[in-house]
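The values are calculated or read from the model by the stated rules, or taken from the named source; none is laboratory data. All values reported here derive from a predicted model rather than from experimental measurement. Cβ coordinates were reconstructed from backbone atoms using ideal geometry, including for glycine residues, and neighbour counts include every protein chain displayed. The accessibility values were calculated without ligands, DNA or RNA, using every heavy atom of the protein model including side chains. Shrake-Rupley method; radii C 1.70, N 1.55, O 1.52, S 1.80 Å.
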Amino acid sequence: MDKKMMKQSQEVIEELLKREGMSRRDALKLMGLGGAATMMGAAPSSARAATEAMASSDKKAKIVIVGGGAGGIMAAARMRKAAPNAEIVLIAPNDIHLYQPGQVFMAAGLYTEDDIRKPNADLMPEGVKWIKDEVKTFDPDNNSVETANNGKVGYDFLIVATGLQYDYERIKGMSRDLVGQKGIASVYLNDPVKGTAKGGVATWEWFKQIRAAAEKRDPGNPLQIICTQPSTPIKCGGAPQKILYLCDDMLRGNSPLGGKDIHDNAHLTFTKKGKKLFGIKSYNQTLLKLTVDYGNIEDAFGYDLVEIDPDKKMATYDYHYLEKGEWDEDLEEFEVIPMVKKVKMKYDFIHIVPPMKGVDAVANSPIGWQKGTAKGWMAADRYTLQHIKYKNVFGIGDILGIPLGKTGGSARHHGPILQENLVAVMEGKEPTAKFDGYTVCPLKTEYGKIMLAEFNYDGPAPSFPLDPSQPRWIWWAFDLYMLKPMYWNLMMRGLM
Amino acid sequence: MQLKKIAGVLAGMSLLAVGASAAELSNAQIYSKYCKKCHGANGEGNPAKKGPALNDKDINELFDALMNLKEKGFEASKHEAMTHNMEVLERKKGIHVDPQSMAKYLFYSFNPEAK
């Protein structure tokens with residue numbers, strides 16, 4: 001890690017620690033972690049550092065980046081340095097850049113909306129032309145995209161960084177307007193173009209309403225709270241559970257609202273279609289144990305929310321289950337027949353995570369998979385991030401139709417791979433850098449503890465020499481105090 | 001002395017052989033034993049057993065489908081019966097399909113477009 005970068009991250013760390021008024025002991029702990037983290041992020045191995053230093057091209061090509069979130073800005077920052085003679089154009093409609101991971105801390109009463117916003121102009125790298133517009137159509141056969149108000153834009157190389165879209169309306173009776181009304185919350189709700197994070201605001205209000213309502217109940221007549229997870233891929237896969245556990249810990253009196261432990265006055269149901277809390281065994285074990293420790297949480301697997309009646313406070317689910325069929329000689333087991341039936345669940349409060357999908361421009365063009373399990377998401381190679389058909393097109397971030405997580409940390413790992421591979425293609429070579437599927441979910445298990453669930457295509461992938469399945473204070477402090485400055489100052493500058 | 005050594009080596013080898021057949025099947029062996037009947041000897045599919053073709057899918061498509069079936073990420077399985085089948089294989093026969101290497105095997109063995 002070079003001295004300049006080390007100094008820069010040290011300054012960032014000292015600045016925020018001063019601001020937070022941390023004890024010296026805690027500050028030193030975090031600084032050590034921060035140094036280690038930036039080292040991990042910047043140069044995970046000396047081999048990577050060596051190739052990254054070489055990943056540059058003198059070619060005079062035109063690179064177009066579509067999207068101005070974490071992926072788009074990181075790609076722009078990296079390519080601006082890696083391709084000094086290239087013309088780089090970024091097309092994105094958002095005036096404001098939202099630090100989306102902060103929305104969960106907003107829901108917990110620890111961040112405000114202002115804490116997570118910055119003008120995108122402040123992040124746009126020097127020497128990148130920003131067309132403030134939205135791409136409506138991708139036309140990769142003609143190396144061009146069409147914008148809403150600025151006509152067609154041609155390219156030599158394209159980076160797709162559009163992110164995904166929410167599909168609240170897939171739930172019958174649900175709309176964005178209902179978030180914050182009638183006991184309904186949704187931490188995810190935001191508007192990157194307007195720069196608002198209503199979901200964070202609404203969910204903190206929802207916490208307060210729940211606290212007040214629970215104080216009037218007792219264990220014999222508990223408040224009914226539902227937290228949902230949709231069946232689609234989602235960004236920040238752990239967030240549906242983060243809200244569940246933080247809400248329950250708030251009821252134990254551990255949030256900024258304080259108060260007595262009244263969590264037995266509430267019954268929380270976590271609903272999802274899938275059969276596990278987490279796809280990695282050890283992380284799943286931690287969460288199963290956590291559920292038992294809280295004592296008032298019920299996991300309802302097989303339940304996919306399909307309809308809501310906000311006035312009756314009734315949630316309707318497709319309940320998926322398997323029925324035993326004929327004996328199968330080949331499998332030496334009974335065949336199973338997937339069945340569905342409608343089940344209704346009454347609630348007092350509900351936290352809804354919207355179904356999610358690729359943006360229309362990607363889904364409706366040859367950029368997106370037209371069939372298969374990843375239909376509607378970008379058809380990219382799971383390792384090189386290159387489009388499977390159009391060799392001058394790459395992707396970064398949530399839009400990628402590849403397995404596992406859609407997280408900021410994944411996008412951060414996409415960055416150097418994308419840089420190296422795009423440079424190779426610019427130089428007429430084959431892309432050889434491989435993404436390993438890295439995903440990271442800082443899963444809040446209570447106020448003050450996070451299980452830092454890191455994993456990749458091969459399984460658990462901890463960055464630090466600590467058992468990753470153990471929830472720790474150090475990850476909570478890291479997430480709450482350090483990740484945001486690291487995001488703005490290091491990630492968005494292509495430095496990590 | 002020599003006989004003891006040879007006996008020891010032979011014993012070790014036979015232990016290895018037993019271990020291999022129980023847990024270390026190759027993708028080809030797994031496919032042949034457990035997948036072929038529904039997905040076809042050449043991945044062409046078998047309508048009678050409701051097994052879709054695998055020989056017309058891009059390697060990334062195969063990988064994504066396998067990861068989805070195993071619910072490795074946050075997305076629910078899109079084919080519950082197949083997810084159940086794979087769970088049974090794991091539970092009853094100790095067969096752990098690795099999505100990365102199985103996708104490679106399926107693509108290069110069956111897809112005519114594979115190079």
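Key figures
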| quantity | calculated |
| --- | --- |
| Cβ-Cβ FRET estimate between A:LEU322 and B:ASP56, R0 fixed at 25 Å, reported to 0.05 | 0.35 |
| Interface residues, segment A:323-357 - accessible area loss of 10 Å² or more versus chain alone, probe 1.4 Å | A:ASP328, A:ASP330, A:LEU331, A:GLU332, A:GLU333, A:GLU335, A:VAL336, A:PRO338 |
| Förster radius 30 Å - calculated FRET efficiency between B:GLU90 and A:ASN364 (Cβ-Cβ, nearest 0.05) | 0.20 |
| Occluded residues from segment B:32-67, i.e. those whose accessible area drops by 40 Å² or more once the chain is not alone (1.4 Å probe) | B:LYS37, B:LYS49, B:ASN60, B:GLU61, B:PHE63, B:ASP64, B:MET67 |
| Extension gain (nm, one decimal) between A:VAL343 and A:ALA213, 0.36 nm per residue minus Cα-Cα | 44.2 nm |
| Residue-by-residue Karplus 3J(HN,Hα) for segment A:468-479, coefficients 6.51, -1.76, 1.60, Hz, glycine and proline x | x, 7, 9, x, 9, 5, 4, 6, 4, 4, 4, 5 |
| Relative contact order [Cα under 8 Å, 6+ residues apart], segment A:377-496, whole percent | 18 |
| Cα gyration tensor shape of segment B:26-110, rounded if a/c is under 1.5, else prolate or oblate by comparing a/b with b/c | rounded |
| Backbone HN-Hα couplings from phi across segment A:251-259 [Karplus 6.51/-1.76/1.60, Hz, Gly and Pro as x] | 5, 7, x, 9, 8, x, 6, x, x |
| Cα shape, the protein assembly as shown, gyration tensor, a/c 1.5 rule | rounded |
| Carbon/sulfur fraction of accessible area - the protein assembly as shown, other protein chains in place, 1.4 Å, % | 52 |
| Whole-Hz ³J(HN,Hα) from phi, Karplus 6.51 cos²θ - 1.76 cosθ + 1.60, for segment A:91-107, glycine and proline x | 10, 7, x, 8, 5, 10, 10, 9, 7, 4, x, x, 5, 5, 5, 5, 4 |
| Charge context of A:ASP156, other residues only, Cβ under 15 angstrom, K/R +1, D/E -1 | +1 |
| The protein assembly as shown - share of DSSP beta bridges that are antiparallel (%, nearest 5) | 60 |
| Relative contact order [Cα under 8 Å, 6+ residues apart], chain A, whole percent | 17 |
| Gain on full stretching of the segment that runs from A:GLU126 to A:ASP114 - 0.36 nm per residue minus C-alpha separation | 1.9 nm |
| For the pair B and A, total buried accessible area rounded to nearest 100 Å², probe 1.4 Å | 3300 |
| Accessible area in the full protein assembly, largest first, 1.4 Å probe, for A:PHE478, A:PHE207 | A:PHE478, A:PHE207 |
| Above-threshold pairs, the threshold being 19 Å between Cα atoms, out of A:LYS60/A:LYS129; A:LYS172/A:LYS275; A:LYS152/A:LYS194; B:LYS36/B:LYS104 | A:LYS172/A:LYS275; A:LYS152/A:LYS194 |
| A:VAL193/A:ASP156 FRET efficiency (R0 30 Å; Cβ-Cβ; nearest 0.05) | 0.60 |
| Residue-averaged 222 nm ellipticity for chain A, from DSSP H runs of 4+ at -39500 (n - 2.57), nearest 500 | -9000 deg cm²/dmol |
| At least 50 Å² accessible surface lost relative to isolated chain, residues of segment A:371-398 (1.4 Å probe) | A:LYS371, A:THR373, A:ARG382 |
| Accessible area expressed per residue, segment A:168-356, with surrounding protein chains retained (probe 1.4 Å, Å²) | 42 |
| Rounded, prolate or oblate (a/c below 1.5 giving rounded, otherwise prolate when a/b exceeds b/c) for segment A:168-356 by Cα gyration tensor | prolate |
